[in-house]
């Protein structure tokens with residue numbers, strides 16, 4: 001069959017459901033072949049970066065890759081920020097780019113650049129198709145690598161002349177494998193370190209929100225009572241209402257969770273990624289005994305000197321620990337959990353402080369997130385863009401279930417939440433999806449409002465309006481006592497929404513915000529809620545974090 005037809009057949013064999021992107025001349029053959037597929041849906045986006053963020057969110061929510069497609073040259077470079085974000089946030093993704101005729105790639109030629117070399121630093125694997133018969137091997141390897149822990153992006157480049165040639169091979173059958181599990185002896189060592197601890201604490205990272213891992217973690221925590229601090233991307237690994245939930249850690253400032261870590265004698269890191277929360281922020285003096293559990297070996301770092309490292313399938317590792325807890329008898333564990341319970345109570349007091357605020361004119365971040373939590377159910381999904389609002393979401397928005405708060409916190413790219421929210425709606429059309437953006441991040445991919453309207457997704461976007469790059473101002477103020485010129489103008493967001501065919505709302509009354517959000521979810525199609533935000537709270541939070549004292 002034709003090479004482009006074979007490429008599509010291979011993607012169908014892999015179970016690929018969606019490809020998001022902007023095609024060009026150099027992938028015209030592939031697009032015609034894709035158009036004939038009744039298994040893969042192509043979503044035309046308004047910018048390649050939006051396509052990459054959509055594919056990332058699909059991967060984070062399903063555990064399976066979607067495609068992000070661009071043409072050669074500028075189409076490929078437009079993809080790269082979203083691809084890097086997915087790769088560093090451990091989302092499986094296939095990056096599909098066209099390329100010029102292979103007979104002109106060796107010389108200076110229109111729009112030609114070494115795209116594969118460009119993608120290698122931000123993917124797990126990047127490869128050009130040099131011969132049509134190699135397509136089944138390349139697609140099979142790409143999907144397998146993208147899904148393998150830790151998941152990430154893989155790139156396939158298909159030159160235009162290769163796409164139109166004939167191929168003689170067939171798709172390779174998908175054969176999944178069970179991940180390796182740890183040896184009993186190393187799990188015994190980990191259990192001995194945990195069993196003999198006096199004040200243990202769990203630091204849960206991105207790996208714990210895999211479905212099976214979260215289930216086993218919850219079992220382990222219920223049996224042992226050990227408190228859990230989660231990184232931004234691990235929210236919901238245990239229920240926010242559980243007594244063991246110490247909420248979130250990761251702000252680069254002293255917070256209640258830091259007190260719990262300081263008081264712990266053994267820190268059990270589970271599925272922990274340093275890209276989120278560097279160990280120098282919580283283990284600079286290497287004062288803790290560290291038990292590291294993860295799918296792959298840990299990064300080497302001076303501030304992360306591990307005592308016991310258990311490498312293997314995380315759910316199985318936790319199951320093995322649960323077996324040992326049961327054999328020992330949970331009632332025989334002699335732990336002091338006061339450090340974890342105090343951190344939970346202190347943080348809970350902060351979360352409740354402005355939940356009923358009645359300010360008018362500007363709405364406090366804490367109130368906006370309390371109302372968001374009020375109108376979203378346990379399985380509904382909130383997506384955070386990047387900016388000052390991300391810091392507030394990280395600290396103040398807590399979750400009942402894994403993968404119900406998506407925060408880009410490895411690569412931390414702005415522009416994530418609007419296109420990501422569209423993909424979340426496609427994955428979970430029966431759930432409420434709320435994207436929270438700053439006005440800066442929202443405008444970076446504002447063109448995808450048209451995509452949302454065309455697909456008629458039931459997405460609500462809440463834009464926090466402060467007419468500035470608020471997070472940069474916050475950090476400059478903290479460091480220098482002042483900030484550079486970071487102000488900008490904004491459109492009338494309600495009129496902007498109407499121009500794109502969205503429902504538009506403006507709310508500056510704290511007592512009405514929950515009702516406005518509820519109304520937006522009752523409306524058919526996408527809705528935008530613009531909120532003037534009170535970022536004077538940023539400085540107040542900085543002062544509060546600097547004055548936190550640890551009673552234990």
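The values are calculated or read from the model by the stated rules, or taken from the named source; none is laboratory data. Just so it is clear, the structure is predicted and the values come from calculations on it, not from any experiment. Heads up, the Cβs are rebuilt from the backbone with ideal geometry, glycines too, and the neighbour counts pull from every protein chain shown.
Which one is surrounded by the most Cβ atoms within 10 Å (Cβ to Cβ), of the residues in segment 182-197 that are touching a strand residue (DSSP E or B) at 6+ places or on another chain (Cβ under 7 Å) and not in a helix (DSSP H, G or I)? Of everything passing the filter in segment 182-197, 197 is surrounded by the most Cβ atoms within 10 Å (Cβ to Cβ).
Would it be correct to say that residue 179 is under 30 Å from the mean Cα position of the chain (by Cα), surrounded by fewer than 18 Cβ atoms within 10 Å (Cβ to Cβ) and not assigned by TED's automatic domain parsing to the domain that holds residue 297? When the stated conditions are applied, residue 179 passes them.
Determine whether residue 240 is under 20 Å from residue 346 (Cβ atoms) and touching a residue at least 12 places away in the same chain (Cβ under 8 Å). Yes.
Which members of segment 133-176 meet the condition of being assigned to a helix (DSSP H, G or I) and closer than 30 Å to residue 294 by Cα?
To start, the set of residues in segment 133-176 that are assigned to a helix (DSSP H, G or I) comprises 133-147, 160-163.
Across segment 133-176, the qualifying residues are 137, 138, 139, 140, 141, 142, 143, 144, 145, 146, 147.
If you take the residues of segment 408-447 that are part of a loop (DSSP other than H, G, I, E, B), modelled with pLDDT of 95 or more and crowded, with 24+ Cβ neighbours inside 10 Å, which of them is nearest to the chain's Cα centre (by Cα)? Residue satisfying both the conditions and the ranking: 416.
Hey, could you check segment 277-292 for residues that are in a helix (DSSP H, G or I) and at pLDDT 90 or above and say which is surrounded by the fewest Cβ atoms within 10 Å (Cβ to Cβ)?
Keep residues of segment 277-292 that are in a helix (DSSP H, G or I), which gives 279-281.
Checking which are at pLDDT 90 or above leaves us with 279-280.
On the way: 279: 22, 280: 13.
Filtering segment 277-292 for residues that are in a helix (DSSP H, G or I) and at pLDDT 90 or above, the one surrounded by the fewest Cβ atoms within 10 Å (Cβ to Cβ) comes out as 280.
Could you pull out the residue among 68, 76, 91, 86 that is part of a loop (DSSP other than H, G, I, E, B) and under 21 Å from residue 119 (Cα atoms)? Break it down stepwise before answering.
Details: 68 fails: part of a loop (DSSP other than H, G, I, E, B); 76 fails: part of a loop (DSSP other than H, G, I, E, B); 86 fails: part of a loop (DSSP other than H, G, I, E, B).
One residue alone meets the criteria, 91.
Checking each residue in segment 262-276 for being crowded, with 24+ Cβ neighbours inside 10 Å and not in a strand (DSSP E or B) picks out 264, 271, 272.
If you go through segment 266-285 and keep only what is over 21 Å from residue 238 (Cβ atoms) and either under 22 Å from the mean Cα position of the chain (by Cα) or touching a residue at least 40 places away in the same chain (Cβ under 8 Å) (or both), you end up with 274, 275, 278, 279, 281. Scanning segment 34-60 for residues being buried (at least 21 other Cβ atoms within 10 Å of the Cβ) and in a helix (DSSP H, G or I) gives a total of 14.
In segment 243-256, is there at least one residue being at positive phi and not in a loop (DSSP other than H, G, I, E, B)?
Here is the first cut: in segment 243-256, the ones at positive phi are 247, 250.
Filter again for not in a loop (DSSP other than H, G, I, E, B), leaving 247.
Looking through segment 243-256, at least one residue is at positive phi and not in a loop (DSSP other than H, G, I, E, B).
The set of residues from segment 448-504 being part of a loop (DSSP other than H, G, I, E, B), modelled with pLDDT under 95 and within 24 Å of the chain's Cα centre (by Cα) comprises just one member, 469. Filtering 59, 21 for residues that are within 15 Å of residue 97 (Cβ to Cβ) and at pLDDT 95 or above leaves a single hit, 21. In contact with a helix residue (DSSP H, G or I) (Cβ under 6 Å, 6 or more places away or on another chain), touching a residue at least 24 places away in the same chain (Cβ under 8 Å) and within 24 Å of residue 447 (Cβ to Cβ) - does that describe any residue in segment 28-39? Yes, the conditions are met somewhere in segment 28-39. Exactly one residue out of 413, 384 is within 18 Å of residue 363 (Cα to Cα) and not assigned by TED's automatic domain parsing to the domain that holds residue 123: that is 384.
Of all the criteria given as (1) at pLDDT below 95; (2) surrounded by 24 or more Cβ atoms within 10 Å (Cβ to Cβ); (3) over 24 Å from the mean Cα position of the chain (by Cα), the one not satisfied by residue 200 is (1).
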